[in-house]
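Worksheet: one structure, shown below.
The values are calculated or read from the model by the stated rules, or taken from the named source; none is laboratory data. Keep in mind the model is a prediction, meaning the values are calculated, not measured. Please note: Cβ atoms are built from the backbone with ideal geometry, for glycine as well, and neighbour counts cover all protein chains shown.
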Amino acid sequence: MLSRALLACLLSSVGVAVAAAPSWQTTGALPEPTLFGEGVVSTGQFESHPCFTPDGLTLYFVRSTPQFSDWKIWESHFADGTWSMPVMAPFSGVYRDADPFITPDGTRLYFISDRPVNGKARDDMDVWVMERTGMDAWGEPRNLGAPVNSAGNEWYPRVATSGNLYFGSDRPGGQGATDLYRVRSTGPGYGPPENLGPAVNSAVDEYEPGIAPDESFLVFMAAGRADSRGGGDLYISFREKDGWSEARNLGPVINRPAMEISASLSPDGKYFFFSSCRRDSTSKPGERPDRARNGLGDIYRMDLEALLELGRMKRP
């Protein structure tokens, strides 16, 4: 097991972690998110939903159609100071696969898929998991089953250090069309699904629960709220003694008129990652099909502490 100091040094070298105190802490000016992996990972295609192995040397992410209607999981490896050209992950490519997540100990990879269950075709998305079988190998995907999966769609599985699993689902009985849920780890399995409640969920759609490892805060994607800036926005809620704080829109530093999705953290908890369909000022819809910032999905990152400060700031 790598020491935390050695891991921080390694992650800094591959561009995942922060090596020094960010300048915003001295200037007071919060930084704009920066494009990640331009030309290799963020390319002008629709890229989103990044996750890293604990050592920061392997990246899994989603590449989809321009309409965001079909999804495949891709991977890239860091070596000799650069990220390799991505290739489709061996377990993906036939069905719709998305939302990869690797547990902090690196032993399990979760994702969602509409692949058949027990030979029966499905048209909804379920949570699947694979166990690590070697340095660079995963076992066969296994459907997670009930109580996580239902007859509806499940989205964006994320596991906290406690083992509790967070996910989105449009199962009956929620606050709205799609809500965020938690199932508590019971060791060999999970307890019943718990709706995260009205401070987080609403009468519209909440999809992707980017939970902090210690469950102290939650950054999630919602669509259709009254304060939305367009497409889909990212919101933040903090864990309090009696539940979750009222979710707040993260504002224009993060949310643009385009869609923002897939909130996640770097393995050492220093960086915040998300995806955005924002365009640069020189790009018009349909232009620059082979370059980032063209209105399709790109992957961005920013200092996590700046993100948390943004979440706590008073709104004008």
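Would you be able to say whether some residue in segment 181-194 is buried (at least 17 other Cβ atoms within 10 Å of the Cβ), closer than 28 Å to Glu240 by Cα, hydroxyl-bearing (Ser, Thr, Tyr) and more than 20 Å from the chain's Cα centre (by Cα)? Yes - at least one qualifying residue is present in segment 181-194.
Does Gly139 meet the test of being surrounded by 14 or more Cβ atoms within 10 Å (Cβ to Cβ) and farther than 20 Å from His49 by Cβ? So Gly139 fits the description; yes. For segment 275-287, the criterion of being under 30 Å from Thr103 (Cβ atoms), part of a strand (DSSP E or B) and more than 16 Å from the chain's Cα centre (by Cα) is met by none of the residues.
Does Ile261 count as aliphatic (A, V, I, L, M), assigned to a loop (DSSP other than H, G, I, E, B) and surrounded by 20 or more Cβ atoms within 10 Å (Cβ to Cβ)? Walk me through how you get there before you give the answer.
On the way: aliphatic (A, V, I, L, M): yes; assigned to a loop (DSSP other than H, G, I, E, B): no; surrounded by 20 or more Cβ atoms within 10 Å (Cβ to Cβ): yes.
No; evaluated as a whole, the condition is false for this residue.
May I ask you to verify whether Glu75 is of a type in the set (Asp, Glu) and at pLDDT below 90? No: the conditions fail for Glu75.
Can you name the residue in segment 158-197 that is assigned to a loop (DSSP other than H, G, I, E, B) and of a type in the set (Ser, Thr, Tyr) and is also modelled with the lowest pLDDT among such residues? I'd like the intermediate steps shown before the answer.
Of the residues in segment 158-197, the ones assigned to a loop (DSSP other than H, G, I, E, B) are 160-164, 170-177, 184, 186-189, 191-193, 196-197.
If we keep only those that are of a type in the set (Ser, Thr, Tyr) too, we end up with 161-162, 186.
Working: Thr161: 94, Ser162: 94, Thr186: 91.
So the residue we want is Thr186.
Within segment 104-142, the residues that satisfy the criterion of being farther than 26 Å from Phe46 by Cβ and either at pLDDT 95 or above or within 20 Å of the chain's Cα centre (by Cα) (or both) are Pro104, Asp105, Gly106, Thr107, Arg108, Glu131, Gly139, Glu140, Arg142.
Looking at Gly174, Gly163, Gly230, just one residue is more than 16 Å from the chain's Cα centre (by Cα) and buried (at least 16 other Cβ atoms within 10 Å of the Cβ), and that residue is Gly174. When segment 224-245 is filtered for residues that are touching a strand residue (DSSP E or B) at 6+ places or on another chain (Cβ under 7 Å) and of a type in the set (Asp, Glu), the ones remaining, listed by number, are Asp227, Asp233. A count restricted to segment 106-124 and to residues that are farther than 19 Å from Pro50 by Cβ and either touching a residue at least 60 places away in the same chain (Cβ under 8 Å) or in a loop (DSSP other than H, G, I, E, B) (or both) stands at 10. When we screen Arg239, Arg291, Arg225 for residues that are farther than 26 Å from Arg171 by Cβ and over 18 Å from the mean Cα position of the chain (by Cα), the only hit is Arg291.
Restricting segment 33-69 to residues that are closer than 27 Å to Thr161 by Cα and aromatic (Phe, Trp, Tyr), the residue that is surrounded by the most Cβ atoms within 10 Å (Cβ to Cβ) is Phe61. Tell me, yes or no, whether segment 199-209 has at least one residue that is farther than 20 Å from Gly311 by Cα, surrounded by 15 or more Cβ atoms within 10 Å (Cβ to Cβ), touching a Ser or Thr at 6+ places or on another chain (Cβ under 7 Å) and among the hydroxyl-bearing types (Ser, Thr, Tyr). Checked against the condition, which is being farther than 20 Å from Gly311 by Cα, surrounded by 15 or more Cβ atoms within 10 Å (Cβ to Cβ), touching a Ser or Thr at 6+ places or on another chain (Cβ under 7 Å) and among the hydroxyl-bearing types (Ser, Thr, Tyr), segment 199-209 yields no hits at all.
For segment 119-161, a residue qualifies if it is closer than 27 Å to Asp268 by Cβ and of a type in the set (Gly, Ala, Ser), and the qualifying residues are Gly134, Ala137, Gly139, Ala160. Given (1) more than 28 Å from Pro252 (Cβ to Cβ); (2) assigned to a strand (DSSP E or B); (3) modelled with pLDDT of 95 or more, where does Pro50 come up short, assuming only one miss? It is condition (1) that Pro50 fails.
Would you say Ala121 is surrounded by fewer than 17 Cβ atoms within 10 Å (Cβ to Cβ) and on the phi < 0 side of the Ramachandran plot? Walk me through how you get there before you give the answer.
On the way: surrounded by fewer than 17 Cβ atoms within 10 Å (Cβ to Cβ): yes; on the phi < 0 side of the Ramachandran plot: yes.
When the stated conditions are applied, Ala121 passes them.
Condition first: part of a strand (DSSP E or B), in contact with a Pro (Cβ under 7 Å, 6 or more places away or on another chain), surrounded by 14 or more Cβ atoms within 10 Å (Cβ to Cβ) and not hydrophobic (A, V, I, L, M, F, W, C). Can you find one or more residues in segment 143-155 that meet it?
No, there is no match, as no residue in segment 143-155 is part of a strand (DSSP E or B), in contact with a Pro (Cβ under 7 Å, 6 or more places away or on another chain), surrounded by 14 or more Cβ atoms within 10 Å (Cβ to Cβ) and not hydrophobic (A, V, I, L, M, F, W, C).
Of the residues making up segment 79-105, those that are hydrophobic (A, V, I, L, M, F, W, C), in contact (Cβ under 8 Å) with a residue 40 or more places away in the chain and under 26 Å from Pro213 (Cβ atoms) are Trp83, Phe91, Ala98, Phe101, Ile102. State all residues of segment 224-246 that are part of a strand (DSSP E or B) and modelled with pLDDT under 90; if no residue qualifies, say none. None - no residue of segment 224-246 is part of a strand (DSSP E or B) and modelled with pLDDT under 90, so the list stays empty.
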